[in-house]
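The values are calculated or read from the model by the stated rules, or taken from the named source; none is laboratory data. Every value quoted in this text rests on a predicted model; they were computed, and no experiment measured them. Virtual Cβ from ideal backbone geometry, glycine too; neighbours counted across all protein chains shown. What goes into the accessible areas is simple: the full protein's heavy atoms, side chains included, and nothing from ligands, DNA or RNA. Shrake-Rupley method; radii C 1.70, N 1.55, O 1.52, S 1.80 Å.
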Amino acid sequence: MDGFSFRRFGYAIVALAVVLVGGMVGFHQLLDEGWIESFYRAVVTVSLTGIDTKPQGADAQLFTILILVAGVAIFTYIAGAIVEMIARGVLTGAWAERRRRRAIDRLRNHYIICGYGRVGRRIADEFREARVPYVVLDFSEDAIDAAREHGDNFIKGNGTEDEDLMAAGLERARGLVASSDSDSDNLYIALSARTARPGLLIVARASDEDAAKKLMLTGADRVVQPYSAAGRVMAHLVLKPQVAAFLDSVTGASAPDLRFEEIEVTPTCGAAGKTIRDLNVRKETGALIVALRKRDGSFDTTPTPDASLDVGDVMIAAGTPDELQALEDLFAPQEAVAR
């Protein structure tokens with residue numbers, strides 16, 4: 001679409017309108033015709049449609065030739081411009097942009113990825129694998145091309161701008177990932193998102209410990225340091241290779257039948273207040289509750305069968321997709337079950 005001038009195309013449309021109006025006035029004066037007849041004659045002359053009567057008088061005939069030549073020149077330019085628009089994808093691009101905007105406007109409880117570099121693209125891969133709705137927000141052409149290639153919903157803009165965050169559906173989003181290569185950009189993104197949505201889940205990227213502290217102060221819920229995390233994983237691969245291999249197998253794509261899920265115990269579910277033994281979770285669902293995040297924020301990393309599942313607790317469960325679905329149904333609100 002680069003290189004196409006909408007301004008020149010607009011000038012051509014204006015020139016066409018001027019020729020039509022001038023032709024109408026000229027034919028009205030030279031042939032003493034009504035305004036409607038004069039406008040009709042100007043349109044059929046400019047468009048080369050032709051007319052069934054020859055204008056009387058040399059002046060009218062010369063004027064007709066002048067209008068005809070001007071119309072041919074303008075129509076030729078407009079036709080060429082339309083072909084150029086189609087060839088450059090201006091029209092198809094505009095339609096695609098409109099469809100993409102409508103798709104983003106329909107999203108609810110989605111995630112926003114601010115920064116579509118190597119880290120952002122890996123995040124998108126995980127979201128795509130989990131079939132989680134998300135929107136990419138970036139301004140670089142390389143990032144936009146990558147998002148378009150993967151069929152992602154995207155906004156070409158900057159996560160530091162409130163307008164662009166709103167265009168990505170911030171007010172309806174479930175969470176935001178600030179994955180820009182720039183710590184300062186991630187700070188602005190986290191601050192803007194937290195100001196607009198105090199309850200939004202925000203995960204940010206930081207290059208070092210100092211940036212991580214500042215991001216936590218600006219409102220990020222979790223901060224990830226890729227270089228530190230990569231070093232930790234590499235150390236585990238050397239020191240504890242089997243543990244690292246196991247964790248990789250249960251959290252990566254190499255184990256497609258094993259998933260982890262978070263399930264919150266709500267007041268309206270019938271299982272609230274009961275123990276794992278009372279519910280016979282393992283037998284009824286096949287899923288395994290591997291940890292509990294209690295309402296006060298503490299973790300029970302080895303919950304026993306007598307552990308109570310209270311309102312506000314979050315279960316971390318492992319199992320196949322069907323087993324996890326059965327566990328979610330067990331803790332679903334009673335109203336939803338009744339429907």
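Which whole-Hz couplings ³J(HN,Hα) result when phi for each residue of region 313-322 is put into the Karplus expression 6.51 cos²θ - 1.76 cosθ + 1.60, θ = phi - 60°, listed in order with x for Gly and Pro?
Per-residue couplings from phi come out as 5, 10, 8, 9, 10, 10, x, 6, x, 5 Hz.
Output wanted: per-residue J couplings in Hz (rounded whole) for region 143-159, from phi through Karplus 6.51 cos²θ - 1.76 cosθ + 1.60, θ = phi - 60°, x for Gly and Pro.
Per-residue couplings from phi come out as 5, 5, 4, 5, 5, 5, 4, 8, x, 7, 6, 9, 10, 7, x, 10, x Hz.
Would you mind checking which residues have amide H under 5 Å from Y134's amide H? H placed 1.01 Å from N; only 5 or more apart, or other chain.
Here Y111 satisfy the definition.
Where does region 58-190 land on Rg/Rh, using Cα atoms and the Kirkwood Rh?
1.30
Among the aspartates and glutamates, select those whose C-alpha is under 18 Å from the C-alpha of K214, and discard any that sit fewer than 8 residues away in the same chain.
D181, D183, D185
For A204, enumerate residues with amide H under 5 Å from its amide H, sequence gap 5+ or separate chain, H modeled in the peptide plane.
Amide H neighbours of A204, under 5 Å, 5+ apart: A178, R222, V223, V224.
Can you compute the FRET efficiency between Q242 and E126 using 1/(1 + (r/R0)^6), with r the Cβ-Cβ distance and R0 = 22 Å? Round to the nearest 0.05.
Approximately 0.35, to the nearest 0.05.
Using r as the Cβ-Cβ distance of V18 and T266, and R0 as 56 Å, what FRET efficiency do you calculate, to the nearest 0.05?
Values: r = 68 Å, r/R0 = 1.22.
Plugging the Cβ-Cβ distance into 1/(1 + (r/R0)^6) gives 0.25.
Sequence-distant or interchain residues sharing an amide H contact under 5 Å with A291, placed H: which?
Distant-sequence amide H within range of A291: I316.
How large is log10 I(q)/I(0) at q = 0.09, 0.10, 0.11, 0.13 Å⁻¹ when the Debye formula is applied to the Cα atoms of the chain, each weighted equally and without solvent?
-0.69, -0.77, -0.87, -1.10
Can you tell me the length gained on complete extension of the stretch T76 to D329, counting 0.36 nm per residue apart and subtracting the Cα distance?
84.5 nm
Sorted by accessible area with a 1.4 angstrom probe, largest first, how do I13, I104 fall?
Largest accessible area first, the list is I13, I104.
Starting from the Cα of K213, draw a straight line to each of the lysines and keep only those under 27 Å, dropping any in the same chain fewer than 8 residues away.
The reachable lysines, counting only those whose Cα sits under 27 Å from K213, are K294.
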